[in-house]
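Below is one structure; the comments refer to it alone.
Where a number appears in this text, it was derived from the coordinates with a stated rule and is not lab data. Predicted model only: the values in this text are computed from it and were never measured.
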Amino acid sequence: MTAKLPKRFCDRRGAPCADELEGRFHAVHATHRNDLRELNELYFARCDLLLEQRLAELDAKWERRFGEFATCLERRVGDQTRRMFAVWAAQLIPIIGLWFRG
């Protein structure tokens, strides 16, 4: 986007003066634009680094939680298996008794 000076200013000061002033405005604009681009890139790099750090922390946290869940699940399955054998034995004793009785 280019800025143009008003025609009234150009008529009053003259075209060379207006062109020089317009050139200076564009130079300042380009300088500020480059500075802003550099700041934006630095900010993006900082945000990208922070995001990667937080994702690494989140990944470590999920790994720990999945490990805890796997340990808890193994313990529960072991308890359930032990109880199932107790129930099967409790059911098998009367069945064997009825089989020998009959």
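Want the number for E41 to W88: 0.36 nm per residue separation, take away the alpha-carbon distance, what's left? Display every interim value, and only then the final one.
Working: separation 47, 0.36 × 47 = 16.92 nm, distance 6.85 nm.
Result: 10.1 nm gained on full extension.
Test of understanding: what is the full-extension gain from Q53 to L73, defined as 0.36 nm times their sequence separation minus their Cα-Cα distance? Each step should come with its number before you reach the end.
Numbers: separation 20, 0.36 × 20 = 7.20 nm, distance 3.02 nm.
Computed gain between Q53 and L73 is 4.2 nm.
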